[in-house]
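For reference, the structure is listed below as structure tokens.
Here, each number is a calculation from the coordinates, and none is a lab measurement. Not measured: the values here are computed from a predicted model. In this analysis, Cβ positions are derived from the backbone assuming ideal geometry, glycine residues included, and neighbour counts consider all displayed protein chains.
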Amino acid sequence: MNWISNVVRPKIRNYFARRETPENLWIKCPETGQLVFYKDVEANQFVIPGSNYHMRMGATARLKSIFDNETWIDIAIPAVALDPLKFRDERRYTDRLKDARAKTGTNDAIKLGLGRLEGLPVVIGAQDFDFMGGSLGMAAGEAVIKGLETAVDKGTPFIMFAASGGARMQEGILSLMQLPRTTVAVQMLREARKPYIVVLTNPVTGGVTASYAMLGDVHVAEPAALIGFAASARSCRTASSAPNISSSTAWWTWSCTAASCGRRSRISAGF
């Protein structure tokens, strides 16, 4: 009886057991509902082949997709105080940071790399929305400044892939201080006469839009990426247009910028 219970039954159960499917085998397109193999989407740089919908990319995946031969040198980011305000809402801020680091494998929302793009040296920064919504805190601010300073020192362009919901509320005024600090760093690169290219991915809002994300020499945006500072309705009232479902997307931002400036916008709304 023991032999039947311990050997035969488990073998039969395993034989008829349903094969486990990896969680990320398929990806569902948020726009069309189409199911696509994850590997196909990954091979297409996280763009859904049928609908051209741009999925979010992590910072490491972004750097791998842009650097030659997927190789680069990580740029160390200066250390900052972990929780200067001892902030707590439903959870401690330190606990949220631990979870975000475990989820993304990065210390904060921005990862920096120095490598080559089409054979030319370049410094690239990639913002990870999965890290607390890509929010801008002291560490992220230091990362942007370090990237710009490195570009000045190495005499290279700086490319920033922005993806953020805005300033990090858990750091209060200290997060808002990163807006002028990053603006000054952008000016340093401009004085060095090196190009600053910003790629606006989905989404870019709040304090990030109010600082380094809109100060590039050239802006490129993902199609239909959410770009704005305030809510869509407020943006539409400011631009004297009627709110609609596409308000604050890349195309809407481009058209409003071109119309208000009376000249061709520097924002290219789509790759």
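Taking amide H positions as modeled 1.01 Å from N, with prolines and chain starts lacking one, the residues under 5 Å from residue 224 and 5 or more places away or on another chain are 250, 251. Cross-link pairs exceeding 26 Å between alpha carbons, from the set 28/98; 146/194; 28/146; 103/194; 39/194; 28/64: 28/98; 28/146; 103/194; 39/194. Have a look at the DSSP beta bridges in region 21-167 and tell me what percent are antiparallel, nearest 5. Around 75 percent antiparallel, to the nearest 5.
Summing +1 for each Lys or Arg and -1 for each Asp or Glu, what net charge is found among the other residues whose Cβ lies under 11 Å from the Cβ of residue 54? If you can, show how the numbers build up before the last one.
Working: positive: 56; negative: 31, 222.
In short, -1.
With contacts taken as Cα pairs under 8 Å at a separation of at least 6 residues, region 22-181 carries a relative contact order of 20 percent. Here the Karplus relation 6.51 cos²θ - 1.76 cosθ + 1.60, evaluated at θ = phi - 60°, turns the backbone of region 166-180 into coupling constants of x, 5, 8, 5, 5, 10, x, 5, 5, 6, 5, 5, 6, 5, x Hz, with x for every Gly and Pro. Qualifying GluC sites (Glu not before Pro) in region 55-120, where qualification requires a DSSP coil assignment and no more than 15 other C-beta atoms within 10 Å, comprise 90, 118.
The phi-based Karplus calculation (6.51 cos²θ - 1.76 cosθ + 1.60; θ = phi - 60°) puts the 3J(HN,Hα) values of region 183-198 at 5, 5, 5, 4, 5, 4, 5, 5, 5, 7, 6, 10, x, 10, 10, 10 Hz, whole numbers, x for Gly and Pro. Within region 81-209, DSSP assigns beta bridges of which about 45% are antiparallel (rounded to the nearest 5). May I ask for the net charge around residue 66, where only other residues with Cβ less than 15 Å from the Cβ of residue 66 are counted and Lys, Arg are +1 while Asp, Glu are -1? Net of charged neighbours comes to -3.
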